[in-house]
Amino acid sequence: MKLSEKDKTHFYNLKKGFEGELLFDSYLEKLQGDCLVINDLLLKVNQTTFQIDSLMITSDCIHVFEVKNFEGDYYYDAENDKLFPKSRAVEIVNPLAQLMRTETLLRQLLQNLGQGLPIQSAIIFVNPQFMLYHAPMDKPFIFPTQIYRLIEKLNSKQSRITNKHKMIAEKLLSLHMPQSPFTQIPTYEYEHLKKGISCAECCSFLTTVEGRSCVCVGCGHKESVTSAVLRSVGEFRMLFPEKKIITTRIVEWCGVVGSRKRVQRILETNLTTEGKKRGKVYK
Ligand SMILES: [Zn+2]
């Protein structure tokens, strides 16, 4: 469906942030020392929720990394401890305040658990296209050109993970809340969504059916009709968990396949059924 400008921006920011985290993960994979890494933790302490992009436990401390995928020119305003994009006088979320908040809340949580490992936190600017003018030296900023050295430094550290560290990691994982309260999904209805099979590669709706394959006119990606229909059923189920999966609806949902018989055969072979021949519900 068509997203509002606000939702589009929100989606773009989420996507950008997620890509940044993936990029930083690829750096963390180069870690060789004895350590435990937990990504994307959502925790709660004293009714306050906070999120940690990357947490790394070594024998003598806990590293907290806040990952930012900002792109382009920014400047640092020392008076207010804030970052501003160079081209616009719009204040962006203050990453330093965010980091301090995370650190304080994590410290409280660890204290509640009776664990007193020191915390070292840093903001990682992961995008190689990021530039910060007037960057202060005494702030916990790690710039794209410094990430490699950060990993090297961590690798050179003597660390030995013991049961105590594993227990902290397990405890944090057990406290992780899988559903983010910050999730804002725009409201949508079946009738308003575009029907058809989206391309598994480029996400466009430019797919056509040729024989046994579903082919994307946009990028040329080919997928078997069976796999494309089942993938669409999966998307349908995720978007409408309360709606029943019945042939008529899936034929409409998949659009391009056209043949009711064909869709029915795919559903029958790959899903289990409930109910009689007419009005069959697939699970
Ligand atoms: Zn495509």
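For segment 1-149, give the percent of accessible area contributed by carbon and sulfur heavy atoms, probe 1.4 Å, rounded to a whole number. Looking at segment 1-149 in its full context, I get 51 percent from C and S. Remark on LYS82: its backbone amide H falls under 5 Å from those of ASP77, a criterion applied only to residues 5 or more positions apart or on other chains, H modelled at 1.01 Å from N.
Taken over segment 27-153, lysine pairs spaced eight or more positions apart, or on distinct chains, with alpha carbons under 27 Å apart number 13.
In plain terms, the chain from ASP25 to LEU117 could stretch by 30.8 nm, reckoned as 0.36 nm per residue minus the Cα-Cα distance. In whole Å, how far is the Cα centre of segment 63-128 from that of segment 12-33? Here the two parts' Cα centres lie 16 Å apart.
Quarter the surface of the alpha carbon convex hull of the chain and you get the mean projected area, 19.9 square nanometres. When you filter the GluC sites (Glu not before Pro) in segment 103-208 for DSSP loop state and at most 13 other Cβ atoms inside 10 Å of their Cβ, you are left with GLU189, GLU201. Straightening the chain between GLU189 and LYS261 buys 23.3 nm, computed as 0.36 nm per residue apart minus the Cα-Cα spacing. Per residue, the Cα convex hull of segment 1-43 amounts to 84 Å³.
Given a Förster distance of 22 Å, report the FRET efficiency between GLN98 and SER156 from their Cβ-Cβ distance, rounded to the nearest 0.05.
Details: r = 29 Å, r/R0 = 1.31.
According to the calculation, E is roughly 0.15.
For the chain, adding -39500 (n - 2.57) for each run of n ≥ 4 DSSP H residues and dividing by the number of residues yields -11500 deg cm²/dmol at 222 nm. Ranked from largest, the principal axis spans of the Cα set of segment 199-283 equal 40, 26, 18 Å.
Which FRET efficiency, nearest 0.05, do CYS61 and TYR133 yield, Cβ-Cβ r, R0 41 Å?
Numbers: r = 31 Å, r/R0 = 0.76.
Working from the Cβ atoms, E equals 0.85.
Note on segment 1-88: the C-alpha convex hull projects to 9.6 nm² when averaged across all orientations.
What trypsin sites (Lys or Arg not before Pro) in segment 91-166 are in a loop by DSSP, with at most 15 other Cβ atoms within 10 Å of the Cβ? Could you put the intermediate results ahead of the total?
Values: sites: ARG101, ARG107, ARG149, LYS153, LYS157, ARG160, LYS164, LYS166; in loops: LYS157, ARG160.
For trypsin sites (Lys or Arg not before Pro) across segment 91-166 that sit outside H, G, I, E and B with at most 15 neighbouring Cβ atoms in 10 Å, the list reads LYS157, ARG160.
Once both labels are positioned 7 Å from their Cα atoms along Cα-to-Cβ, the gap between THR145 and PHE240 label points is 5.4 nm.
Using R₀ = 41 Å, calculate the FRET efficiency as 1/(1 + (r/R₀)^6) where r is the Cβ-Cβ separation of LYS15 and ASN46; round to 0.05.
Working: r = 32 Å, r/R0 = 0.77.
Computed FRET efficiency for LYS15 and ASN46 comes out at 0.80.
Taking amide H atoms as placed 1.01 Å from N in the peptide plane, the amide H of PHE70 lies under 5 Å from those of VAL126, ASN127, each 5 or more residues away in sequence or on another chain.
Between CYS219 and LYS164, the simple label model (points 7 Å from Cα in the Cβ direction) yields a spacing of 4.9 nm.
The values are calculated or read from the model by the stated rules, or taken from the named source; none is laboratory data. Being a predicted model, the structure only gives us computed values, none of them experimental. Please note: Cβ atoms are built from the backbone with ideal geometry, for glycine as well, and neighbour counts cover all protein chains shown. All accessible areas refer to the heavy atoms of the entire protein, side chains included, with ligands and DNA or RNA removed. Shrake-Rupley method; radii C 1.70, N 1.55, O 1.52, S 1.80 Å.
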